[in-house]
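**Student:** If you scroll down you'll find the structure; I have some questions about it.
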Amino acid sequence: MGTFRPSDWALAHATFYGDDSASATMGGACGYGNLFINGYGTDTAALSSTLFNNGYACGACYQIKCYNSTACNPNVPYTTVTATNLCPPNWAEPSDNGGWCNPPRAHFDMSKPAFMKIAQWTAGIVPVLYRRVACGRSGGLRFSLQGNGYWLLVYVMNVGGGGDIGSMSVKGSRTSWITMTHNWGASYQAFASLSSQPLSFKITSFTTKQTIIASNVAPSNWAFGLTYSTNLNFH
């Protein structure tokens, strides 16, 4: 438990989606919304379902280096991306010709700016070596609140360390801890009425099992559609 340790290097392939603006990467299956506003920028990738792990890989960070291709940029040893989206299977195409994200393939569909750091974009697809690394985030965890009076949906962003969330609970000033369920991507939900009371969150990393308790992150007048921050983060 505790500090995240990098994984060993493994072989995969990488493609890119969208254009130089990376506008096509906005939104995404992790639920991070505007990646520029929320601190992820253009250094992002969509993961094949094998790596995406039903959304538990959302927020994870990977070093990716182009490998054994004439298209590799020899001046860039690797680039680091955050998992923000799912690259779904394409069963109409064979997995070695178009269906790059079909299981059981490990595949990264990168933003075009991220891909161009490691390879010439005209190549379309390159072999890569990748490994999980700790996410270096400035500041603490951020909680974006959605839902209604009886349902709280929380997107957790800016997660350091392993970058991922394995489980989460919420507590109002008038409740005990309520276990939240995984909704999709990086979001967790609780079916409870928690209005007009400050909210605390208990978050456990999927990879390291480290737990953070962020007390009274949202004040008693918290509102849906707003994002609340804490100084705490994983390492």
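**Student:** Tell me which trypsin sites (Lys or Arg not before Pro) from segment 170-214 have a DSSP coil assignment and no more than 14 other beta carbons within 10 Å of their own.
**Tutor:** R174, K209
**Student:** Comparing N75, N183, N216, which has the greatest mean-square fluctuation in the GNM of the chain with Cα pairs linked when under 10 Å apart?
**Tutor:** So, out of N75, N183, N216, the one fluctuating most is N75.
**Student:** Contact order normalised by length for the chain, with contacts defined as Cα pairs under 8 Å and 6 or more residues apart; what percent is it?
**Tutor:** After rounding, I find 24 percent.
**Student:** What net charge is computed for the residues neighbouring N231, neighbours being all others with C-beta under 14 Å from the C-beta of N231, Lys and Arg scored +1, Asp and Glu -1?
**Tutor:** Combined, the nearby Lys, Arg, Asp and Glu give +2.
**Student:** Where a Cα-Cα gap under 28 Å defines reach, which lysines qualify for K117, not counting those fewer than 8 residues away within the same chain?
**Tutor:** Those lysines meeting the cut-off are K65.
**Student:** Among G225, G163, G41, whose mean-square fluctuation peaks in a Gaussian network model of the chain (Cα, cutoff 10 Å)?
**Tutor:** Checking each option, the largest mean-square fluctuation is seen for G225.
**Student:** Right, next: I need the Kirkwood Rh of segment 96-235: take the reciprocal of the average 1/r across all distinct C-alpha pairs and report it in angstrom.
**Tutor:** 17.1
**Student:** While we're on this one: Just to confirm, what accessible area per residue do you get for the chain at 1.4 Å probe, in whole Å²?
**Tutor:** 44
**Student:** Charges only on Cβ, +1 for Lys and Arg, -1 for Asp and Glu: so what's the dipole of the chain about the Cα centre, in debye to the nearest 20?
**Tutor:** For the chain, the charge dipole is close to 720 debye.
**Student:** Further question: How large a share of the accessible area of the chain, in percent, is made up of carbon and sulfur atoms when the probe is 1.4 Å and the other protein chains stay in place?
**Tutor:** 52
The values are calculated or read from the model by the stated rules, or taken from the named source; none is laboratory data. These numbers come from a predicted model, not from an experiment. Cβ sites come from the backbone with ideal geometry, for glycine too, and all protein chains shown count toward neighbours. When the accessible area is computed, the model is the full protein with side chains, heavy atoms only, and any ligands, DNA or RNA have been set aside. Shrake-Rupley method; radii C 1.70, N 1.55, O 1.52, S 1.80 Å.
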